[in-house]
1. Buried (at least 21 other Cβ atoms within 10 Å of the Cβ), part of a strand (DSSP E or B) and within 28 Å of the chain's Cα centre (by Cα): is that true of residue 175 in this structure?
2. Do the conditions hold for residue 606, that is, is it surrounded by fewer than 21 Cβ atoms within 10 Å (Cβ to Cβ) and farther than 29 Å from residue 245 by Cα?
3. Considering only strands (runs of 3 or more DSSP E) fully contained in the stretch 186-273, which possess at least 3 residues that are in contact with a strand residue (DSSP E or B) (Cβ under 8 Å, 6 or more places away or on another chain) and under 24 Å from residue 164 (Cβ atoms)?
4. Could you tell me whether any residue of the stretch 34-44 is buried (at least 19 other Cβ atoms within 10 Å of the Cβ) and either in contact with a helix residue (DSSP H, G or I) (Cβ under 7 Å, 6 or more places away or on another chain) or more than 30 Å from residue 653 (Cβ to Cβ) (or both)?
5. Looking at (1) touching a residue at least 24 places away in the same chain (Cβ under 8 Å); (2) surrounded by fewer than 19 Cβ atoms within 10 Å (Cβ to Cβ); (3) not in a loop (DSSP other than H, G, I, E, B), which is the only condition residue 66 fails?
6. Taking residue 492 as meeting all but one of (1) out of contact with any helix residue (DSSP H, G or I) (no Cβ under 8 Å at 6 or more places or on another chain); (2) without any contact (Cβ under 8 Å) to a residue 60 or more places away in the chain; (3) not in a loop (DSSP other than H, G, I, E, B), write down the number of the exception.
7. Please go through the stretch 274-302 and pick out each residue that is crowded, with 19+ Cβ neighbours inside 10 Å and without any contact (Cβ under 8 Å) to a residue 40 or more places away in the chain.
8. Could you run through the stretch 133-177 and say how many residues are touching a strand residue (DSSP E or B) at 6+ places or on another chain (Cβ under 9 Å) and closer than 28 Å to residue 257 by Cβ?
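The values are calculated or read from the model by the stated rules, or taken from the named source; none is laboratory data. Because the structure is predicted, anything quoted here is derived from the model rather than measured. Because the Cβ atoms are built from the backbone with ideal geometry, glycine has one as well, and the counts that use them run over all protein chains shown.
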């Protein structure tokens, strides 16, 4: 019997009780759903073999131990494997790192720490004191959440500092000023957080004094996303920056002088900027007219920092976008700027070098040349630079079929290969192709396709993101390779609007009321895959996570006829209450404000939770989330599963009890979640064997 479909609103939501994170009724509902899903999908040899293969990829001893630099000429790495499921933080020298099996200096064993303290610690990073490099601030979370505990660690004694700088569990931000002072932003009680749940107040905290009595150096507003601070340790350029994140894309920034005066960094509020020694670099998200010259959105500009703050506006254009090419990011070395761009979603890397002041009669001239060591046929990214030390850079290059190679280069000097990642699947019969689909409004939308070019009409997995100006880029995945491609499936990645593949304009095209364009783009790619004979609707699956989970939810409720199965990881699905759940208020610049009648009018039209239809046929759906996700509330997935069940649709649900926004806290959990995902897709898309 068909059910009457009725759009629900906040006041008549029948499943609000599932937002009670650890409430007994909600917890019992989760246990029941998990038991059903595990009984349906995890039994049998195929699932066990798949999980074991994925775990082997994740724990492989010969994968690249990607390093980071901290200004002391050492190679730092955080490593997880079967023997260290929580991981070890370690470091070594360049000479040792060059070896096939380096000798590592273990700084902190998180497994041993968790066992000693009876805590479910998950590593979240460390900030090393510069100069000196003898202390650091270690961030640990319980179960993988965004909220962390911060503790001072002695790198010489390999021990936490008694009575050192410590922050209780919260969504904190902290950085060193010197050995006895830090800038700290954390939860210290009522009024200290924004409505998004992030710190609002910055304090200059002196060692040995209570945090509550520390000097307040900056405050944001209650409705900001957060306040933030940073300290530049560069010798001769020591300076403090503070600011407000007004929303996800806009901010106000200030230089805080030694006299506690705030000097505005007077760039557009939606621009991103970076200070390096004497330089200020400004990336534009919208057009900016300065002294009669209009610089387009997506441009990158440079100015002398001190002159700019004094009111001068001599700007040099370092990059101007076009219809095919966009700025991706930049990275400084000591004397150079590495510029990363995307041309039809293909990486390009250049080195820009400023002429010395007075050279050629102009302080604004920059020379450019290609960055050595980046293969044209692969996607390359800068892993790290260390501008305190020199002009070295670490470069990783990979492709959908090509495992990564890590190289060490010197700008203007040699490039050497440090490490090569192993191949986890046979790619000899596979091709990587790029196609363009035509969206509903005529826009050309690129997508990548990997698979056997002679396997027509087979199971195909399509993924995408389309939000927050984040691009989906080519990369090697042993998990996808072993778990999908090696079994005969094809894999497609859609570069839809809302992402950053073509810069700010591509993002703005699917912002707020224009969000449906992203979904039209994704539907166009799905249709194009069928038109080209790659697959059929019954054998095409969609997978997305977070904002990509929202994308998957919209495909389910608006375009169900295009797909044979849908998977949403840690998804955003209730667009009426998303801003009231955890960090959701910080995303209103992306989606809109549900409390505004005009915004809710367009949000309601695509909100997956509000558009479940009992009279339409939906493909089988798998929803995966985490109880400890403190970014996207698990209530989104819980309520969606309940609503789909209410209307008689086939839905599987799995909620990990830990893992944060990644839905997994260790490799065993990651292997389980991906085996569950790929088994679900393979069964429902007609995979064989």
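1. Working: buried (at least 21 other Cβ atoms within 10 Å of the Cβ): no; part of a strand (DSSP E or B): yes; within 28 Å of the chain's Cα centre (by Cα): yes.
No, not satisfied.
2. Details: surrounded by fewer than 21 Cβ atoms within 10 Å (Cβ to Cβ): yes; farther than 29 Å from residue 245 by Cα: no.
No; evaluated as a whole, the condition is false for this residue.
3. 201-206, 215-219, 226-232
4. no
5. (3)
6. Checking residue 492 against (1) out of contact with any helix residue (DSSP H, G or I) (no Cβ under 8 Å at 6 or more places or on another chain); (2) without any contact (Cβ under 8 Å) to a residue 60 or more places away in the chain; (3) not in a loop (DSSP other than H, G, I, E, B), the one that fails is (1).
7. Those that are crowded, with 19+ Cβ neighbours inside 10 Å and without any contact (Cβ under 8 Å) to a residue 40 or more places away in the chain: 280, 282, 288, 295, 299, 300, 301.
8. The number of residues fulfilling the criteria is 13.
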